[in-house]
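Here is the structure we will look at, set down as structure tokens.
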Amino acid sequence: MRAAHYIGGAFLPDDATTTMFPLVDPVDGTTVGQVPEADRETVDAAVRAARAALEGAWGATGPEERAIALHRIADTIQARFDAFVDAEVSDTGKPRELAATVDIPRAIGNFRAFADLLRARPEHSWSTAVPGWSTGTGQALNYTVRRPLGVVAVVSPWNLPLLLLTWKVAPALAAGNAVIAKPSEETPSTATLLAEAIDAAGLPGGAFNLVHGHGTDAAGAFLTSHPGVDAIAFTGESATGSAIMREAAGHLTPVSFELGGKNPALVFADADLDAAIEGTVRSAFTHSGQICLCTERVYVERSRYEEFVTRIGARARELTDYGPMISAAHRDKVLSYYRLAVEEGATVVAGGGVPHFGDRRDQGFHVEPTVLTGLPQHARTVQEEIFGPVCHIAPFDTEEEAVRLANDSRYGLAATVWTRDLSRAHRVAPRIDAGIVWVNCWNLRDLRTPFGGAKDSGIGREGGTWSLDFFSEPVNICVQV
Ligand code: NAD
Ligand code: 6OD
């Protein structure tokens, strides 16, 4: 797989002046490819190509043409499904089953969902009385049309590379914008395949552009600070969001941010404990905890606490078929939190170190699924996002205390409540500071629903019409009848 920039409908060839950086397989640490690093001139060229597309064929498209185009992109990805799965597995090291059942189908689903939402979307109109008009009572017709924002920068992370990129690219294109995508430097491959799919689907050149490279003082920052960019849709760390926002402020560029989390799960004594344990194993350890929605804090009602800890510790120790951290740097960060937890006084119920497989994975970036207990609520391990396969479990005594502990965080992305008591579920869920609260399930997603975070977990909502709203602006047209 060769990553390449895609600008104005053409893939840029690398030449002697192109700076390349290595692409590393996180399963065994080997270098598997080279990726071009976009410099300022390359980003400028992408912005110019996007602007030209808006002034040309892409800007002239209507919603129905764009809906057809989005379905064509989905068809093209579907036709190369295995190539997309291979590329996602190779870049991330995630289990093949995860890429084949979540990442790639969901990316296809993003294009189909936003195409269909665009078609189903009503416009608004108002009939306005105009009293005292010369011929008696008159009328005006007010109606709104939605216009694209213009050139949109999409900057995405490495954990669900194609899913999270298309989650923004699809609605941005649906709304008629020209897009410049900058995927994570760790995971350039499915983005490159997406450019191929969009090319094959016949979108006018410049409607979608792709630049590769790093973030700070590099391609990402060149793009998000560019005066020719009209909006920024970003998913990644909260600190990166702050840095992007500082730059965006200079041009008053609107932002939509999906940021970090430290997601709580509340397990009440009346919960189906088998379901809560299996659900928490999924929510803490899927993709080795590298999903922003993963649970890192579990609070269990005291009467079931010991049983819960014992059983989840046993389940964590049984896990063997898990993928690596994305990079050596991220592995080192997660391991530093494992050490910090012990320094802070944690009991390590399961894991806490590096696994030994006896094969090539021992040169990769794996860490053990880890269960911790015994830390106070203010411990850094309980407050800071680790983004690895780890959860800390603490007991609670009352519903009030459970809600208070869940909300005692700078983050507010997602939460899970396990209870059989329907009244309690409806009482507790809306009191949690989070953009999404799952009851007796986790990561069940309907693409029409709002998605985003409270507090430091994000700005704005995406999903369904919320995405189409962000990526477009209404114009009110008032006609005297
Ligand atoms: P990151 O913030 O390091 O990088 C994300 C993207 O931003 C990458 O493409 C990177 O190159 C780019 N970038 C970095 N610095 C930049 C800068 N100064 N200017 C412009 N672009 C810059 O995040 P990551 O390590 O790739 O992803 C993990 C983080 O993302 C975690 O915090 C996780 O919680 C969060 N995340 C949130 C959601 C969500 O929906 N809320 C989803 C996935 C991941
Ligand atoms: O499912 C989604 O739409 C979504 N944005 C998921 C984010 C996962 C974070 O890693």
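The values are calculated or read from the model by the stated rules, or taken from the named source; none is laboratory data. Everything numeric here is computed off the predicted structure, so don't read it as measured data. Quick reminder, even Gly has a Cβ in these numbers, built from the backbone with ideal geometry, and neighbours come from all protein chains shown.
Please return the ranges of helices (runs of 4 or more DSSP H) entirely within region 143-225 where 2 or more residues are in contact with a Gly (Cβ under 7 Å, 6 or more places away or on another chain), touching a residue at least 24 places away in the same chain (Cβ under 8 Å) and aliphatic (A, V, I, L, M). Spell out how you get there, then give the answer.
On the way: elements: 161-174, 189-200, 219-224.
Qualifying helices (runs of 4 or more DSSP H): 219-224.
Here is a yes/no grid of residues against (1) farther than 30 Å from residue 330 by Cα; (2) not charged (D, E, K, R):
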site: 86; (1), (2): no, no
site: 92; (1), (2): no, yes
site: 114; (1), (2): yes, yes
site: 118; (1), (2): yes, yes
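Residue-wise test of (1) surrounded by fewer than 17 Cβ atoms within 10 Å (Cβ to Cβ); (2) among the small types (Gly, Ala, Ser); (3) touching a residue at least 40 places away in the same chain (Cβ under 8 Å).
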position: 5; (1), (2), (3): no, no, yes
position: 12; (1), (2), (3): no, no, no
position: 17; (1), (2), (3): yes, no, no
position: 24; (1), (2), (3): no, no, yes
position: 27; (1), (2), (3): no, no, yes
Number of the exception - residue 165 against (1) touching an Asp or Glu at 6+ places or on another chain (Cβ under 9 Å); (2) crowded, with 24+ Cβ neighbours inside 10 Å; (3) within 30 Å of residue 29 (Cβ to Cβ): (1)
The one condition in (1) at pLDDT 95 or above; (2) surrounded by fewer than 18 Cβ atoms within 10 Å (Cβ to Cβ) that residue 85 fails to fulfil: (2)
Subset of region 216-271 [within 16 Å of ligand 2 (Cβ to nearest atom) and among the polar types (S, T, N, Q)]: 235, 238, 240, 256, 263
Top-ranked residue of region 450-479 - restricted to ones that are within 24 Å of residue 144 (Cβ to Cβ) and part of a loop (DSSP other than H, G, I, E, B), ranked as nearest to ligand 2 (Cβ to nearest atom): 463
Boolean, residue 303 is touching a Ser or Thr at 6+ places or on another chain (Cβ under 6 Å), part of a helix (DSSP H, G or I) and more than 9 Å from ligand 1 (Cβ to nearest atom): no
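From the list 211, 267, which one is assigned by TED's automatic domain parsing to the domain that holds residue 296 and buried (at least 24 other Cβ atoms within 10 Å of the Cβ)? So that I can check it myself, show each step before the final result.
Values: 211 fails: assigned by TED's automatic domain parsing to the domain that holds residue 296.
The unique qualifying residue is 267.
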